[in-house]
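Written out below as structure tokens is the structure these notes cover.
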Amino acid sequence: MRVLVTGGAGYLGSRVSTHLIESGIEVVVLDKLVYGGEGLLHLLDHRCFRLIVGDIRDGKTLRDAMKGVEAVVHLAAIVGEEACQVDPENTVSVNDSGTRDVVRMAEETGARRFIFLSTCSNYGISSSENLADEDTPLRPLSLYAETKVRGEQTVLSVRHGNMTVCVLRLSTLCGVSGRMRFNLLLNEMARAAVRGEKITVYAPQAWRPFLHIRDAARVIEHCLEVAGESIGGEVFNVVGENLQKKHMIELVLKHFPGTPVEIKETGGKTQDLRDYRVSAERITRKIQFRPERTIEQAFLEVASAVRQGAFPDANRLLYEALPKARDTKGAKART
């Protein structure tokens, strides 16, 4: 099988590309390399790997990337509210128009399967007494989530032809990647804990779903391999664990008891208001997928990498998934 991974040099994309290659799947990556391609260096000479440097909105480049492709994993996007607000107009262009372009080209070139990576952030705020499932009303609280909701609608509108489409709403990712991100909650806490820096936590009672990045790669492979009728037109939540922020503090202090922690009940006008727990019952029942790794494992992996000096300057802007000033237009941050 030959699979196109858009945004395949990113935090999740580089991990997915590696995982698929290791599973014997031929991979084509289309990525603009705004943040470089270090996460793919080990694949560049692999006989089953091809890298195409370009923008998903460039029709000629996109068509070239689709040649001979049986399935598309669409990751390319500007990810996270901070990155999306750098240039909102460009965010809409990449996340909305770009997704429409990729879906249309996949249909035109005969791809048989299309997997769209969305986010549980689409739920925004839900009752803490109930787990949000795939039928829970979406309440996006950010431009990022709004574009992901529209992306889902674009993908799920494919109701003809031979292409099977599927949406995966991923929880907040965590863990080590060749293209590292530290602007993800657990990864950021692990970096701070190792270095003895103060961790400030807002709304400690708020719930969030989390997922180990290796399990995110596994679920994508799983959806490429299961029978099409089991995923066609489906939306699946993918969750490792639901944790309150106070549980994350406990995790930090369990392994780094001297870490200074400041707890604030509110965060002013810029406070992240998201608060939701998410059910993964559907994906377990319909295609028997279950995560294998814990969030504690992800925390310890990141902490170990920082402690051992794998990131000599762990505060580099490169690790924050923000568009570089020199390439704001058309930049892609990834999840």
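Do we have any residue at all in the range 1-19 that's over 21 Å from the mean Cα position of the chain (by Cα), among the polar types (S, T, N, Q) and under 15 Å from MET105 (Cβ atoms)? No, the range 1-19 has no match at all.
Do the conditions hold for THR61, that is, is it over 26 Å from VAL149 (Cβ atoms) and among the polar types (S, T, N, Q)? Yes.
If you scan the range 119-136, which residues turn out to be crowded, with 24+ Cβ neighbours inside 10 Å and β-branched (Val, Ile, Thr)? Within the range 119-136, just THR119 meets the criteria.
Go through the residues of the range 194-202 one by one and say whether even a single one is farther than 24 Å from SER14 by Cα, of a type outside the set (A, V, I, L, M) and either assigned to a helix (DSSP H, G or I) or within 16 Å of the chain's Cα centre (by Cα) (or both). No, there is no match, as no residue in the range 194-202 is farther than 24 Å from SER14 by Cα, of a type outside the set (A, V, I, L, M) and either assigned to a helix (DSSP H, G or I) or within 16 Å of the chain's Cα centre (by Cα) (or both). Scanning the range 256-297 for residues that are at pLDDT 95 or above, outside any helix (DSSP H, G or I) and of a type in the set (A, V, I, L, M, F, W, C) yields PHE256, VAL261, VAL278, ALA280, PHE289. Restricting attention to the range 216-255, the residues that are more than 20 Å from the chain's Cα centre (by Cα), part of a loop (DSSP other than H, G, I, E, B) and either aliphatic (A, V, I, L, M) or buried (at least 20 other Cβ atoms within 10 Å of the Cβ) (or both) add up to 2.
Looking at VAL103, VAL94, VAL72, can you tell me which residue is surrounded by 18 or more Cβ atoms within 10 Å (Cβ to Cβ) and either closer than 23 Å to LEU317 by Cβ or of a type in the set (D, E, K, R) (or both)? When all the criteria are applied, what remains is VAL94. Among the residues making up the range 106-118, a single one is under 21 Å from HIS222 (Cβ atoms) and open to solvent by 50 Å² or more (accessible area, probe 1.4 Å): ARG112.
When restricted to residues that are under 16 Å from PHE114 (Cβ atoms) and open to solvent by 20 Å² or more (accessible area, probe 1.4 Å), the range 1-59 contains 2. Cβ-Cβ contacts under 7 Å between residues 6 or more apart (or on different chains), taken from a first residue in the range 36-53 that is over 16 Å from VAL3 (Cα atoms) and in a helix (DSSP H, G or I) to a second residue that is open to solvent by 80 Å² or more (accessible area, probe 1.4 Å) and charged (D, E, K, R), are absent. Within the range 221-265, being closer than 14 Å to THR164 by Cβ, touching a residue at least 60 places away in the same chain (Cβ under 8 Å) and among the hydroxyl-bearing types (Ser, Thr, Tyr) holds for no residue. Of VAL79, VAL102, all but one fail to be in contact (Cβ under 8 Å) with a residue 60 or more places away in the chain and touching a Lys or Arg at 6+ places or on another chain (Cβ under 7 Å); the exception is VAL79.
State whether the residues of the range 276-292 include one that is open to solvent by 50 Å² or more (accessible area, probe 1.4 Å) and hydrophobic (A, V, I, L, M, F, W, C). Within the range 276-292, none of the residues are open to solvent by 50 Å² or more (accessible area, probe 1.4 Å) and hydrophobic (A, V, I, L, M, F, W, C).
The values are calculated or read from the model by the stated rules, or taken from the named source; none is laboratory data. Predicted model, so just to flag it, every value in this text is computed and none were measured. Backbone-built Cβ (ideal geometry, glycine too); neighbour counts: all protein chains shown. For accessibility, only protein heavy atoms count, side chains too; no ligands or nucleic acids. Shrake-Rupley method; radii C 1.70, N 1.55, O 1.52, S 1.80 Å.
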